[in-house]
Amino acid sequence: GIRLLDLSAKVVFPKRFNAMLDEEDNKSTALSNTTLQLVAEKLEQLEGDAPVEILCDKHGGRDYYQPLLMMHLAGGLPQTLQEGREISRYRIEGERTLDISFRMKAESLMPVALSSMLAKYLRELAMVSLNKFWAERIEGLKPTAGYPVDAKRFLAEISGEVEKLGIPRDDFWRKK
């Protein structure tokens, strides 16, 4: 049967995310690098040589992941099984067989849905902290969920205090 052994996430705050965009100039590559770093860390913790299957949502419009897999995952040259708009699948033969796929709408699959739920929960906790920080400094400030239209309103309302505190915008606000 299948059982959950572990659940982990990598929180990337705006300052680091913006630095990644400066390095990569591409949100999709930044997301792929972060995902594959986390995958590599989890693989290092596994014992034994049982085969592993990894399911990921696609990152932007990317169809080709082999170069990124080579950069992040040890064990051998990733064999391309399929690359296309709907799904890109690879196999790495090493100490263990590793099958990894990047699929459109992968949140319909239980492991990806659970990962997405964890990420969204962590995002909500971060937004609670952000709103609390600014509400303590600006009386009557309406909280934000951080989505585009409301985020612009929120940024406009805190901009004077941001300037007064000398906080660089890239430290708390994502470029993309």
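The set of residues from the stretch 152-176 being in contact with a Phe, Trp or Tyr (Cβ under 9 Å, 6 or more places away or on another chain) and more than 30 Å from His59 (Cα to Cα) comprises Glu157, Ile158, Glu161, Val162.
Residues that are outside any helix (DSSP H, G or I), in contact with a helix residue (DSSP H, G or I) (Cβ under 7 Å, 6 or more places away or on another chain) and surrounded by 10 or more Cβ atoms within 10 Å (Cβ to Cβ) within the stretch 135-176 comprise Arg137, Ile138, Leu141, Pro143, Thr144, Ala145, Gly146, Phe172, Trp173, Arg174, Lys175, listed in sequence order.
Please verify whether Lys132 is of a type outside the set (Val, Ile, Thr), without any contact (Cβ under 8 Å) to a residue 12 or more places away in the chain and loosely packed, with under 12 Cβ neighbours inside 10 Å, treating the condition exactly as stated. Yes; evaluated as a whole, the condition is true for this residue. A search for C-beta distances below 8 Å between a residue of the stretch 154-172 that is farther than 17 Å from Met127 by Cα and any residue that is of a type outside the set (S, T, N, Q), counting only pairs 6+ apart in sequence or on different chains, returns Glu161/Trp134; Glu161/Arg137; Glu161/Ile138; Leu165/Arg137.
Let's see how each residue does on (1) on the phi > 0 side of the Ramachandran plot; (2) small (Gly, Ala, Ser); (3) at pLDDT 95 or above:
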{"position": "Leu4", "(1), (2), (3)": "no, no, no"}
{"position": "Leu7", "(1), (2), (3)": "no, no, no"}
{"position": "Lys15", "(1), (2), (3)": "no, no, yes"}
{"position": "Ser28", "(1), (2), (3)": "no, yes, no"}
{"position": "Gln37", "(1), (2), (3)": "no, no, yes"}
{"position": "Lys42", "(1), (2), (3)": "no, no, no"}
{"position": "Gln45", "(1), (2), (3)": "no, no, no"}
{"position": "Asp49", "(1), (2), (3)": "no, no, no"}
{"position": "Gly61", "(1), (2), (3)": "no, yes, no"}
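Scanning the stretch 111-129 for residues that are out of contact with any strand residue (DSSP E or B) (no Cβ under 9 Å at 6 or more places or on another chain) and within 13 Å of Leu4 (Cβ to Cβ) gives Ala113, Leu114, Met117, Leu118.
The helices (runs of 4 or more DSSP H) falling completely within the stretch 12-103 that include 1 or more residues that are of a type in the set (Gly, Ala, Ser) and surrounded by 17 or more Cβ atoms within 10 Å (Cβ to Cβ) map to 27-45.
Exactly one residue out of Ser115, Ser88, Ser28 is closer than 30 Å to Ile167 by Cβ and in contact (Cβ under 8 Å) with a residue 24 or more places away in the chain: that is Ser28.
The values are calculated or read from the model by the stated rules, or taken from the named source; none is laboratory data. What you see is a predicted model; the values in this text were computed from it and never measured. Methodologically, a virtual Cβ is constructed for each residue, glycine included, from the backbone with ideal geometry; neighbour enumeration extends over all protein chains shown.
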